[in-house]
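Step one of this worksheet: look at the structure below.
Please treat every number below as a calculation from the coordinates, not as lab data. From a predicted model like this one, the values you see are computed outputs, not experimental measurements. Note that each Cβ is placed from the backbone with ideal geometry, even for glycine, and that neighbours are counted across all protein chains shown.
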């Protein structure tokens with residue numbers, strides 16, 4: 001299957017931001033009253049809602065945490081590196097005529113600063129910062145409509161179970177990458193269309209070379 005539009009999550013998917021995210025999260029803990037994250041490996045096996053409960057973060061306190069986190073992330077945005085192998089994969093996809101975009105819970109300016117610092121911003125037709133941790137499905141539906149494409153034309157790539165769930169709600173195919181926040185085992189519970197552990201596999205899924213489906 002050849003896709004016309006590939007939409008990417010940012011943190012943990014495009015950007016190798018997990019260590020920075022944990023550092024910021026723990027730095028904010030005393031101010032916001034949530035528990036610091038001590039066992040990252042264990043947390044990777046929890047859904048977002050399970051993680052929030054474990055760390056003592058209620059949904060009504062979540063918007064403040066997101067705002068504070070994004071403001072702190074702005075200071076690190078241009079220091080982040082893209083996941084190994086992705087710069088070449090992005091260049092190959094863009095040069096083949098595939099349209100690329102970003103849909104992330106992070107802020108657009110943070111995302112663009114990172115992409116610019118890694119000489120990758122030019123590959124993306126749009127960057128959408130969606131401030132809610134939940135509800136990306138609605139945003140994906142709006143993107144499909146705005147791009148005047150069918151759902152079959154669009155592929156979403158993310159590193160969290162909520163990314164898989166959002167794509168399912170939007171009716172688009174989804175790639176779950178295992179190099180981000182959630183484990184491969186947790187990601188597979190959402191039944192993604194593809195699971196990949198190396199950036200070199202993405203071109204095949206988009207339709208440039210033979211594909212490998214989730215196993």
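Inter-label distance, residue 183 to residue 26: 2.0 nm, where each label sits 7 Å from its Cα along the C-beta direction. Antiparallel beta bridges, as assigned by DSSP with both residues in segment 1-127, represent about 10 percent of the total such bridges. Residues within the reach of a label modelled at residue 138 (point 7 angstrom out along Cα to beta-carbon, backbone nitrogen below 15 Å), restricted to segment 170-198, are 170.
The fraction of all Cα pairs in segment 18-78 landing in successive 10 Å bins from 0 to the largest distance is 21, 57, 21, 0, given as whole percents. The label-point distance for residue 95 and residue 109, in a model that sets each label 7 Å from Cα toward Cβ, rounds to 3.4 nm.
Compute the acute angle (0 to 90°) between the alpha-carbon long axis of helix 18-32 and the principal axis of greatest extent of the alpha-carbon atoms of the chain; round to the nearest 10°. Helix 18-32 and the main axis of the chain meet at about 30 degrees.
Bridges between two residues of the chain, per DSSP, are antiparallel at a rate of about 5%.
Estimated from helical segments only, the mean residue ellipticity of the chain at 222 nm is -12000 deg cm²/dmol, where each DSSP H run of four or more residues counts as -39500 (n - 2.57). Reducing segment 112-154 and segment 22-66 to their Cα centroids gives an inter-centroid distance of 25 Å.
Highest GNM mean-square fluctuation among 152, 75, 121, for the chain modelled with Cα contacts below 10 Å: 75. Of the residues 15, 176, 74, the one that moves most in a GNM of the chain with alpha-carbon contacts below 10 Å is 74.
I'd like the projected area of segment 54-149, averaged over all directions, using the convex hull of its alpha carbons. Report it in nm² with one decimal. Walk me through the numbers before you get to the answer.
On the way: hull surface 30.1 nm².
For segment 54-149, the mean projected area of the Cα convex hull comes to 7.5 nm².
Seen against the Cα atoms of the chain and their longest principal axis, helix 161-170 is set at about 50 degrees.
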